[in-house]
Structure formats: C-alpha cells, structure tokens
Amino acid sequence: MPESDTGAPPRVVLVTAAALAVALAVAVAVFALTHRSPDPAAGPLPLVPVPAPQAASPACKTLLGAVPSELTSNGAQLSLRTLAEPAPPATVAWGTDDPLVLRCGLDRPPELTPTAQLRLVNGVQWLQVPGEGASTWYVVDREVYSALTVPDSAGTGPLQQISDAVAAKLPARPLRFS
C-alpha cells in the first residue's frame, strides 16, 4: 500500500515539521542565554528612611569617609552599592542579594539598657538586635549611634571591618542610657 493511501502526512512533511520544532527550541534557548534581563539586585538599592537626627554630624561624615569600598563576607567580596534616590542620609550599603546596610547618626536604640548584653569587636562595643533574617548591630560607645544591618547568611567579617573603621576614626565614649 503506498504511503498516501494511509491518510498520514507524507514523510517529508513529518521530517520538516520535526526539524522546525528542534530549530525553534534551539533559537529560544540561544535567545534566553544571550538576552538576559538585567538583574534587579544590581540596580540602585531602595531603602526606607529612619530617624537619624545626627546624620549630618562631622562624626558621621568622618565614619562614612572611612568605610571600606568592599566588605568580605564568608569569603565573598561585597562591593559598595548605589542607593536609590531619595537615599537616606548617612547611609551606605554593600552587596546585591542580601545587602549589608550601615546607617549613621541614629537615635539611641531603646534596647540599650544598663543590663543589655554588649559585644566587644575590635575595640568597639556593639548591641545586637536580632530581626527576621538579619540582625542590626548598633555601635553604642561613640559620639554618634550607628547601625550595621547584617543578613543572617553573612559571616563576621563585615562586623570586624566596620569595627576597624569605627575604632580608627571615632574615639570611644562612655555608654549613655538616657
């Protein structure tokens, strides 16, 4: 029985259709690999403002001028990140996926009490305030309060590096509880 008597399409039509389907799949894969949309995490980081009455202080200008352009977290280098406008004053950030954020000139954290557990890191006293997925570490023994928000996935390197900048640029002061 000839092929045309079975009611099936001719073999050349089937082979052509299969080849077109494979070519289309390859074209879609090549397009997807070569035309990636920009990573939104690489763009400016939007941050909400928080009260920072001392953000314009000379101490904040000194500290922010001394922070490193890169922080090391779990062996990875985190570069300074551009902040979206309007950017909060006296604020810098590093990294893309889970950025670290340093704010200077903040109000005294309400968690700072005479019985609060403080940690001394490279000569700087810090108060840890745990949050969901990140902790905020407050510098509590300097002229101005600063806070470094660190994702739980980060190592201790960023806290140590910021401590070095704080210790080098801002003299220690007695703790203030009111």
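The values are calculated or read from the model by the stated rules, or taken from the named source; none is laboratory data. The structure presented is a predicted model; accordingly, all values stated were derived computationally and were not measured. Positions of Cβ are generated from backbone atoms using ideal geometry, with glycine treated the same way; all protein chains shown enter the neighbour counts. Each accessible area value is taken on the protein alone, full model and side chains, heavy atoms only, with ligands, DNA and RNA left out. Shrake-Rupley method; radii C 1.70, N 1.55, O 1.52, S 1.80 Å.
Selection within region 117-157: residues that are open to solvent by 20 Å² or more (accessible area, probe 1.4 Å) and of a type in the set (V, I, T). The member of this set that is farthest from the chain's Cα centre (by Cα) is V121.
Listed by first and then second residue, the pairs with beta-carbon distance under 6 Å, at least 6 apart or on different chains, first residue in region 94-118 and farther than 14 Å from S135 by Cα and in contact (Cβ under 8 Å) with a residue 60 or more places away in the chain, second open to solvent by 50 Å² or more (accessible area, probe 1.4 Å) and assigned to a strand (DSSP E or B), are W94/L80.
Residue by residue through region 48-87, note down the ones that are crowded, with 17+ Cβ neighbours inside 10 Å and free of Cβ contacts under 8 Å to residues at least 60 places away in the same chain. A52, A55, L64, R81, L83, listed by residue number. Screening S37 against (1) at pLDDT 65 or above; (2) exposed (fewer than 10 other Cβ atoms within 10 Å of the Cβ); (3) of a type in the set (G, A, S); (4) not in a helix (DSSP H, G or I) leaves a single unmet condition, (1).
Within region 158-178, the residues that satisfy the criterion of being in contact with a helix residue (DSSP H, G or I) (Cβ under 7 Å, 6 or more places away or on another chain) and open to solvent by 50 Å² or more (accessible area, probe 1.4 Å) are A168, K169.
Taken over region 89-104, the residue count meeting the criterion of being within 16 Å of P49 (Cα to Cα) and surrounded by fewer than 17 Cβ atoms within 10 Å (Cβ to Cβ) is 1.
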